[in-house]
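Trainee: Got a structure for you, questions after.
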Amino acid sequence: MNTSGFVRLLVSEGRPEEPTASVRVEEEDSFTVLSAPPDIPETGPHPIRVMTEAWQAEPHAIPSLRKHGRSWLLILHDLESEPSTTEAVLRQGLELLFAEAEREGVESLDIPLLGAVHSVIPATRAAELLQEVLLGRWFHRLKTVRVRGGPFPPPKALQTDAPEEP
């Protein structure tokens, strides 16, 4: 149990020697096509069945969370809208993600810089929103959030004017 109430935020370049998280999160759209593999496997269902299922598919709510074991999809994008997501949706999605992680007893999350993955929200602003949401919550179970794919420009609140050490 996290007794401090705060969560440790790590920025990673995704090196394989780093420990794996309890849950890995990806940014997704309402029809979950952004994470779909570009190649259709030859051994998959018959093409008529695939097309019928695609035609009948209903979009997921935005924001929402789809959980598949230790792999979660955070639905943030509506590809029929321009832009496909907003800061308000990102904030709601982050709140949803962290609330669900607490509810599920997740100790560590591995996330991309959500909102900036598809260049919709600038990386600096996405980092600021992440920081705001994390600082606005009290955590009991979640201990670590690792943001992969960095380095990212730090949010303004984390920048210092102190000289760098040699």
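The values are calculated or read from the model by the stated rules, or taken from the named source; none is laboratory data. Since the model is a prediction, treat every value here as computed from it, not as a measurement. No Cβ is skipped: glycine too gets one built from the backbone with ideal geometry, and neighbour counts run over all protein chains shown.
Trainee: Output the residues belonging to region 64-86 that are crowded, with 16+ Cβ neighbours inside 10 Å and among the acidic types (Asp, Glu).
Mentor: Asp78
Trainee: Show the residue pairs that are 6+ apart or on different chains and have beta-carbon atoms under 6 Å apart, the first residue being within region 121-140 and modelled with pLDDT of 90 or more, the second being polar (S, T, N, Q).
Mentor: Matching pairs, first to second residue: Phe139/Asn2; His140/Asn2.
Trainee: Continuing with this model, one more query. Before we move on, is Leu34 surrounded by 11 or more Cβ atoms within 10 Å (Cβ to Cβ), in a loop (DSSP other than H, G, I, E, B) and not basic (Lys, Arg)?
Mentor: Yes.
Trainee: In region 16-72, what residues are among the acidic types (Asp, Glu), modelled with pLDDT of 85 or more and under 25 Å from Ala101 (Cβ atoms)?
Mentor: Matches in region 16-72: Glu26, Glu27, Glu28, Asp29.
Trainee: Given the residues Ser81, Ser119, which is the only one that is outside any strand (DSSP E or B) and on the phi > 0 side of the Ramachandran plot?
Mentor: None of the others qualify; the one that does is Ser119.
Trainee: Restricting attention to region 79-98, which residues are touching a strand residue (DSSP E or B) at 6+ places or on another chain (Cβ under 7 Å) and not β-branched (Val, Ile, Thr)?
Mentor: If the condition is that a residue be touching a strand residue (DSSP E or B) at 6+ places or on another chain (Cβ under 7 Å) and not β-branched (Val, Ile, Thr), then Leu79, Ser84, Leu90, Gly93, Leu96, Leu97 are the ones that fit.
Trainee: Looking only at residues in region 1-15 that are surrounded by 12 or more Cβ atoms within 10 Å (Cβ to Cβ) and touching a Phe, Trp or Tyr at 6+ places or on another chain (Cβ under 9 Å), which one is modelled with the lowest pLDDT?
Mentor: Asn2
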